[in-house]
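**Q** One structure coming up, written as structure tokens, with questions to follow.
Every number in this text was worked out from the coordinates using simple rules, so none of it is lab data. These numbers were taken from a predicted model, which means no experiment stands behind them. Every residue, glycine as well, gets a Cβ built from its backbone with ideal geometry; the counts of neighbours run over all protein chains shown.
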Amino acid sequence: MNAAQELGALFAQESIELVYGGGGAGLMGAVADAVLEAGGRVTGVITEALWEREAAHQHLTSLRIVPNMHERKFQMSDLADAFIALPGGFGTLDELFEVITWNQLGIHSKPCGILNVEGFYDQLISFMNSMVADAFVNADHLGFVVVRDHPKDLLESLQSWKLIATKKPVKSDDR
């Protein structure tokens, strides 16, 4: 929770607008709260079903309500300049690996970061290295992912990140 709040405060301090799934709970809700408390801007993108369950954050700068998860992920990726995964569950992994894959395919060229708070993602990082060792992932493609343990270090690394050369880009209509 502390890392989430620190990340949100850094976003506001750096005038970085947060784009996220629009929920009011969990670590991402805490990031949103910290951005807003520090005077920053937050855009949420939430599905109609989650909106109807009253899961949306009630004080965002902007909230977009979309029909389904596919549209939600598309709009978030379209609006965002970079992606950060905090500790989370299957949804976090789904979104993280989708944006990494889109870099790999040339659909976008945006940095993807993992905030590895207290080693939460150590086993995943080890597994990703195993995928390289077993020739399922090109070693260069690990460069699509920036891993840092602290919010400030991650934000600084993402701000200076450069995409490595990839194959011919895929048109965004192909997503």
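**Q** Averaging sequence separations of C-alpha pairs under 8 Å and six or more residues apart, then dividing by the length of the chain, give the relative contact order as a whole percent.
**A** Answer for the chain is 19 percent.
**Q** Related question: Of Trp161, Trp102, how do they rank once you tally other Cβ atoms within 10 Å and put the fewest first?
**A** With the sparsest Cβ surroundings first, the list reads Trp161, Trp102.
**Q** With axes computed from alpha carbons, what is the tilt in degrees of helix 26-37 against the longest principal axis of the chain, rounded to the nearest 10 within 0 to 90?
**A** Here the helix axis deviates by roughly 60 degrees.
**Q** Once the cut-off is 29 Å, how many percent of the Cα-Cα pairs in the chain end up in the long-distance tail?
**A** Everything past 29 Å amounts to 19 percent.
**Q** Here is a further query. In debye, nearest 20, what is the charge dipole magnitude of the chain about its Cα centre with +1 on Lys and Arg Cβ and -1 on Asp and Glu Cβ, if you could check?
**A** For the chain, the charge dipole is close to 480 debye.
**Q** For Ile125 and Glu37, calculate 0.36 nm times their separation in residues minus their Cα-Cα distance, and state this gained length in nm to one decimal.
**A** 28.4 nm
**Q** Could you calculate the FRET efficiency of Asp153 with Glu48 from 1/(1 + (r/R0)^6), where r is the beta carbon distance between them and R0 is 30 Å, rounded to 0.05?
**A** 0.20
**Q** OK, next. With springs only between Cα atoms under 10 Å, which of Leu96, Leu50, Leu124 fluctuates most in a Gaussian network model of the chain?
**A** Leu124
**Q** Report the residue, chosen from His141, His70, His57, that carries the largest GNM mean-square fluctuation when the chain is represented by alpha-carbon nodes joined by springs under 10 Å.
**A** Most flexible of the set in this elastic network: His70.
**Q** So how tilted is helix 90-105 from the main axis of the chain? Cα-based, degrees 0 to 90, rounded to 10.
**A** 50 degrees
**Q** Another question, if that's okay. What is the gain in length, in nm to one decimal, between Gln75 and Glu17 on full extension, counting 0.36 nm per residue of separation less the C-alpha to C-alpha distance?
**A** 19.4 nm
**Q** Which whole-number value in Å³ per residue fits the convex hull of the alpha carbons of region 82-157?
**A** So the per-residue Cα hull volume is 85 Å³.
**Q** Sticking with this one: Picking from Met128, Met76, Met28, which is most flexible by a Gaussian network model of the chain using Cα springs under 10 Å?
**A** Comparing Met128, Met76, Met28 in the GNM, the peak value goes to Met128.
**Q** Taking neighbour counts of Cβ atoms within 10 Å as a proxy for exposure, in what order, fewest first, do Ser15, Ser109 appear?
**A** Exposure proxy ranking, most exposed first: Ser15, Ser109.
**Q** Oh, and also: To the nearest 10 degrees, how steep is helix 69-79 against the longest Cα principal axis of the chain, on a 0 to 90 scale?
**A** Once rounded, the angle reads 80 degrees.
**Q** Lys pairs in the chain, Cα-Cα under 20 Å, at least 8 apart or on separate chains: how many?
**A** 8
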